[in-house]
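> This is the structure I want to talk about, given as structure tokens.
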Amino acid sequence: MDWWVWLLIVVLVIGIAVAGFAWLQAKRRSGGVISGGPGARGGNGPDAA
Amino acid sequence: MSVLMRATEVIRRPVVTMAGEAVAQVKDIVYEGDGGHVGGFTLAGRGMFAGPLKVGLAWESVSALGSDALMIRDEEVVESIEQVVSRSAARRGDVLGSRVMTDDGTELGTITDVILDVTEVADVIGYEIDSSPALGKDGRRVLIPLPDTLSISGEALMLPSAATEFVSDDLAGFGAAVQEFRTRLAGGGAT
Amino acid sequence: MRFSEAKNHRVMSVGDATTVGRVRRFGVDPATASIAGLKLRKTPGEGDTLAWSDLEAFGRDAVTIGSADRITRASGHLERLLAKDHAVLGKRVLSVAGVDLGAVQDVDFDMASGAVLTVITDRHEIPGTSIVGLGTYALVVDPARP
């Protein structure tokens, strides 16, 4: 195959890997509402704004 | 002045110092033992390739929780994650996606959001749920009020059955519905 | 005087009445809520920075300095304030309560002292005295500050 076809394949593979990593990280960044557990701190007042 | 906020909107909100630097974004909202209010937050990095950070913020360290940013004095108030959430607790799972039942055994639906009333504390006042047929709302999303304190496990959450009488379709007026529900639980209110 | 009006001002050397540059960007110090310095373009040498204290005057139509050797290469604190990511124009404004007040469209400043008088966004006009901090993400202001 021509060299540019290989180049295209490499670019595509890298692109897919990068997109996949970004997607994975987005999932890892997303959170929820969870318990603090025993001895978790209570909330009582942010400092005055 | 109290402001009602959705937990899903607080998640991913930028954490900004008074010096104007965005140091992180909110990952988890951590409620304290009795489920009544927010004890702190865990943080994640910002940007497409950032992951979770091993740090958190206690509620006392928050200068302000606003509609567009969570303000902190400076980076010094950020703590290690163990100080905000214990390892065993993190394994107990997410309230979002949990099922809700009444104490007389009726399934109400699954939780899609948690409603916070933010003043000096962030009080957990209600859930948004994908409603089950028992509520007669055609499976729509509705808001259901919570008592002051409640028992929470990772699996299913139990509410007093009276909660079904105070279901709202949207946030407008939900604050009032919560007040009336809590008054009813305390033994007052109209019959 | 507004940043928008002063943005392309000629910088003139009083000594030999020549133009030694043009104003490119303003560096605001949030601690004093005033202009700390100017970033220039089209300067004769390698320097592109003018500290406010090195100006003779900031006028209606031009900025005057004693001589071209007032123009330096930025370093330290001034370098950071003059960096592109600290530019005030276009910066998101956040209140200390965590509410977005709009993006900075213009800044009104005192020509004599360099003090920031008003920060103008698409939605608000905020007195310079309200400025709490300036970073790469936002200009933080406290509207309740007297």
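The values are calculated or read from the model by the stated rules, or taken from the named source; none is laboratory data. Because the structure is predicted, anything quoted here is derived from the model rather than measured. Ideal geometry is used to build each Cβ from the backbone, glycine not excepted, and the neighbour counts take in all protein chains shown. We work out accessible area using only protein heavy atoms, side chains counted, and drop any ligands, DNA or RNA first. Shrake-Rupley method; radii C 1.70, N 1.55, O 1.52, S 1.80 Å.
> Put a dot 7 Å past each Cα toward the Cβ at C:H77 and A:V18; how far apart are the dots in nm?
Using points 7 Å along Cα→Cβ, the separation is 4.0 nm.
> Too long at a 23 Å Cα-Cα cut-off: which of C:K39/C:K91; C:K42/C:K84; A:K27/C:K91; A:K27/B:K137; C:K7/C:K91; B:K27/C:K84? Please list the in-between numbers first.
Working: C:K39/C:K91 17 Å; C:K42/C:K84 17 Å; A:K27/C:K91 29 Å; A:K27/B:K137 32 Å; C:K7/C:K91 16 Å; B:K27/C:K84 30 Å.
Cα-Cα > 23 Å for A:K27/C:K91; A:K27/B:K137; B:K27/C:K84; rest within.
> Let me ask you something else. Which cross-chain or sequence-distant (5 or more) residues have an amide H under 5 Å from the amide H of C:E56, H modelled 1.01 Å from N in plane?
C:T64, C:I65, C:G66
> Restricting to DSSP H runs of at least four residues, report the calculated mean residue ellipticity at 222 nm for chain C, -39500 (n - 2.57) per run over all residues, nearest 500 deg cm²/dmol.
Numbers: 2 runs with 11 residues, N = 146.
Dividing the helical sum by the residues of chain C leaves -1500 deg cm²/dmol.
> Can you give the local net charge around B:A162? Use residues other than it whose beta-carbon is closer than 11 angstrom to its beta-carbon, Lys and Arg +1, Asp and Glu -1.
Combined, the nearby Lys, Arg, Asp and Glu give -2.
> Any idea of the total accessible area buried by the B-A contact, 1.4 Å probe, rounded to 100 Å²?
2900
> With point charges of +1 on the Cβ of Lys and Arg and -1 on the Cβ of Asp and Glu, referenced to the Cα centre of the protein assembly as shown, which listed residue (A:L8, C:F3, C:A97) lies farthest in the positive direction of the dipole?
Of A:L8, C:F3, C:A97, it is A:L8.
> Other chains near B:56-65: what is the mean number of their Cβ atoms within 10 Å of each residue's Cβ?
5
> A follow-up question, please. 5 Å is the cut-off here: which amide hydrogens, built 1.01 Å from N in the peptide plane, fall below it relative to B:V62, excluding neighbours closer than 5 in sequence?
For B:V62, whose amide H was placed from the backbone, the distant partners under 5 Å are A:D47.
> Further, regarding this structure: Where does chain C land on the Kirkwood hydrodynamic radius, alpha-carbon pairs, in angstrom?
15.4
> How large is ³J(HN,Hα) for each residue in region C:83-96, as worked out from phi by the Karplus curve 6.51 cos²θ - 1.76 cosθ + 1.60 (θ = phi - 60°), to whole Hz, x for Gly and Pro?
5, 4, 6, 9, 4, 7, 5, x, 6, 5, 9, 10, 7, 5
> About the Cα centre, and with charges only on the beta carbon of Lys, Arg (+1) and Asp, Glu (-1), how big is the dipole of chain B? Nearest 20 debye, please.
Working: 16 positive and 29 negative charges, 87 e Å.
Charge dipole of chain B: 420 debye, to the nearest 20.
> For region C:3-85, what is the charge dipole size about the Cα centre, in debye to the nearest 20, if Lys and Arg each add +1 at the Cβ and Asp and Glu each add -1 at the Cβ?
Roughly 340 debye for region C:3-85.
> Roughly how many debye, to the nearest 20, is the charge dipole of region B:99-185 about its Cα centre, given +1 on each Lys and Arg Cβ, -1 on each Asp and Glu Cβ, and no other charges?
140
> Roughly how many percent of the accessible protein surface of region B:1-103 is carbon and sulfur, given a 1.4 Å probe and a whole-percent answer?
Numbers: 2070 of 4180 Å².
Using a 1.4 Å probe with all protein chains present, region B:1-103 comes out at 50 percent carbon and sulfur.
> I would also like to ask the following. Kindly report, to the nearest 10 Å², the accessible surface of B:E82 as traced by a 1.4 Å probe over protein heavy atoms only.
Per-residue accessible area (B:E82): approximately 110 Å².
> With all protein chains present, calculate the accessible area of C:E79 using a 1.4 Å probe and round the result to the nearest 10 Å².
100
> When Cβ neighbours within 10 Å are restricted to other protein chains, what is their mean count per residue of peptide B:43-52?
5
> Can you tell me the 0 to 90 degree angle between the C-alpha axis of helix B:174-185 and the longest principal axis of chain B, rounded to 10?
Long axis of B:174-185 versus the principal axis of chain B: about 60 degrees.
> Here is a further query. Ignoring ligands, DNA and RNA, please state the percent of accessible area on region C:3-85 from carbon and sulfur, probe 1.4 Å. Present the calculation step by step, with values, prior to reporting the outcome.
Numbers: 1960 of 4300 Å².
Percent of accessible area from carbon and sulfur atoms in region C:3-85: 46.
> Amide H of B:V142: which non-local residues (sequence gap of 5 or more, or other chain) have their own amide H closer than 5 Å, using H built in the peptide plane?
B:I129, B:S131
> If you don't mind, another one. Can you find, among B:S168, C:T49, C:F109, the residue sitting farthest towards the positive end of the charge dipole of the protein assembly as shown, where Lys and Arg contribute +1 and Asp and Glu -1 at Cβ?
After comparing all options, I get C:T49.
> Each residue of region C:134-143 in order: what ³J(HN,Hα) in whole Hz does its phi give by Karplus 6.51 cos²θ - 1.76 cosθ + 1.60, θ = phi - 60°, with x for Gly and Pro?
My calculation for region C:134-143 gives 9, x, 6, 8, 7, 9, 9, 10, 10, x Hz in order.
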